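Report on the following structure.
Just so it is clear, none of the values below were taken in a lab; they were calculated from the coordinates. These figures come from a predicted structure and were not determined experimentally. FYI the Cβ positions are ideal-geometry reconstructions off the backbone, even for glycines, and counts take in every protein chain you see.
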């Protein structure tokens, strides 16, 4: 079912517990290419799994590190867009808010969101390929990849690769937020890739209203009771925030 900004704004203004799932469509509006769109230039001849899997890293660690270094450099220049800013504003307005993201760019935090669950990690961090310790900073001493200062293992991006499970605690918290919310927004994702794709349906089964925000409803996973709000996430979310709390203000000051 296709819905409207005004209808969703009314739900948002009344919601006490909101959960949001974001995907690559949100980051794309900040100029960050999707994972497969980043396979350009010299990287176009590679299978993505060759650059984003433990096996590929074990075979060619320098190549994998360099690809992620290129992507990291792009991400660090990107700025939060209106969608990121609107979600941070919703968090400030709603009693209980959880932001679940499949993106690895850290732009939600840069926009001011505090309650962020990263299902796929964060490209701005690294971790040791042997002991798993996460590092916010690391020494660039010329060795590629750099070595863990504690055990000497190669450092790798702190992201989830093909063949790896999502962080158990993060997914558990995401599931709990989906069960507990009264409004669930799925933004910039097709809801086709499991296990994150199950979260909107978990929310729906437990009584939440589920709104999918995307430019089109084509290619989306379908389900009874799911409503679609069509448009670019930055524009739609900015309109939602404005309309939701304009209604609140009008109700308080008739």
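Can you tell me the 0 to 90 degree angle between the C-alpha axis of helix 5-14 and the longest principal axis of the chain, rounded to 10? Roughly 90 degrees, rounded to the nearest 10.
Expressed to the nearest 5 percent, the antiparallel share of DSSP beta bridges inside the chain is 25 percent. Distance between the pseudo-spin-label points of residue 137 and residue 246 (7 Å out from Cα toward the beta carbon): 4.6 nm. By how many degrees, 0 to 90 and rounded to 10, does the Cα axis of helix 168-180 deviate from the longest principal axis of the chain? Approximately 10 degrees, to the nearest ten. Taking 0.36 nm per residue of separation and subtracting the current Cα-Cα distance, fully stretching the chain between residue 206 and residue 55 would add 50.5 nm. Shape summary of the chain, radius of gyration then Dmax from alpha carbon positions: 19.4, 67 Å. Ellipticity at 222 nm from helices only: DSSP H runs of n ≥ 4 in the chain, each -39500 (n - 2.57), divided by the residue count, give -11500 deg cm²/dmol.
Fully extending the segment from residue 10 to residue 190 would add 62.3 nm, taking 0.36 nm per residue of separation and subtracting the current Cα-Cα distance. Taking each residue as 0.36 nm, the span from residue 74 to residue 130 lengthens on full extension beyond its C-alpha to C-alpha distance by 17.5 nm. For the chain, the longest principal axis of the alpha carbon atoms and the long axis of helix 61-77 meet at an angle near 40°.
Taking the centroid of alpha carbons for each part, the stretch 181-196 and the stretch 57-94 are 19 Å apart.
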